[in-house]
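Below: one structure, written as structure tokens.
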Amino acid sequence: MAGIKTQALKCKDLHDYLKTLSAATLEKLYNHPATCLAVFRELPTLAKHYITRLLFVEQPVPQAVIGSWLGQQFVKEHLEAVESLCELHLYKEYPVPGGLPGWALNATFRKNLKNALLGGGKPWAVCANLEKDKHARDIKFLDSYAMERWEALLHFMVGSKQAENTVSNDAIKVLLHSGLMRKENDLNIITTEGFQFLLMTTASQVWHFMLQYLDTIEERGLNLVDCLTFLFQLSFLTLGKDYSTGEMNESMLMFLQHLRELGIVYQRKVVF
């Protein structure tokens, strides 16, 4: 009897996810320094090297010149770096004098990466710092809170009764949309992919779930670029430090509540 093979659940990395977005969406994302810095730090080493060398060059550079920066023994690495930069629309092809093909760094990306690395421009922190809160939670508490919230979702997936009323309809919609669970006689049942999901590391689980959530973001009336930018901003904040939400609009406050449910952020009730 032939064995039945099941396809392993794959978790995209940041590069794999971003290259599925349109050039127009990426251009909007690159309008924010936090996004540019997050993208830069996830690039292959050689791609980072090329960006660093082109960061202050505003005219196209012949492709042959860029290719000559490395020896022939690194042709494969060079092609991989160029491919990654093209997939993310960081390289734009322009002719140079003489009609030769050239590469120029995406102008929006270059400008905002320079702001992120060197300073300048408008402040790009997600929100203002607050004075020390007398009710502040320490990092041990925050870690425990994050795991408690995330494990509630995992317990719900395996049908634990104690988790029935701790998972929102929004989270359940994501589980169904992603194929990690399915509807069966009005019950939510874990799927094969769901069991594979449970075997992932916690970091991979959270990232995979967030990608599925982002895939449904517009159905919730939220803006994908705004939510992605907010996530990139969060990645540069300091764990355990207090930040204000006073300047956040209604949509981003809704997004914040979804992140809070998953344990990605902690927001305490105000105590007077």
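The values are calculated or read from the model by the stated rules, or taken from the named source; none is laboratory data. Here the structure is a predicted model, which is why all the values come from computation and not from measurement. Don't worry about glycine lacking a Cβ; one is built from the backbone with ideal geometry, like all the others, and counts go over all protein chains shown. The accessibility values were calculated without ligands, DNA or RNA, using every heavy atom of the protein model including side chains. Shrake-Rupley method; radii C 1.70, N 1.55, O 1.52, S 1.80 Å.
Put simply, of 56, 109 the only residue that is modelled with pLDDT of 85 or more and either assigned to a helix (DSSP H, G or I) or open to solvent by less than 90 Å² (accessible area, probe 1.4 Å) (or both) is 109. In the stretch 154-188, the residue that is most open to solvent (accessible area, probe 1.4 Å) out of those that are assigned to a loop (DSSP other than H, G, I, E, B) and among the aliphatic types (A, V, I, L, M) is 158. Of all residues in the stretch 210-247, those that are touching a Leu at 6+ places or on another chain (Cβ under 7 Å) and not acidic (Asp, Glu) total 12. Would you call residue 199 within 25 Å of residue 14 (Cβ to Cβ), open to solvent by less than 80 Å² (accessible area, probe 1.4 Å) and not basic (Lys, Arg)? Answer is no for this residue. The set of residues from the stretch 108-121 being among the small types (Gly, Ala, Ser) and farther than 14 Å from residue 29 by Cβ comprises 119, 120, 121. Within the stretch 1-52, the residues that satisfy the criterion of being assigned to a loop (DSSP other than H, G, I, E, B), modelled with pLDDT of 90 or more and within 14 Å of the chain's Cα centre (by Cα) are 19, 20, 21, 30, 32, 43. Which one is modelled with the highest pLDDT among residues in the stretch 215-225 that are surrounded by fewer than 17 Cβ atoms within 10 Å (Cβ to Cβ) and part of a helix (DSSP H, G or I)? The selected residue is 224.
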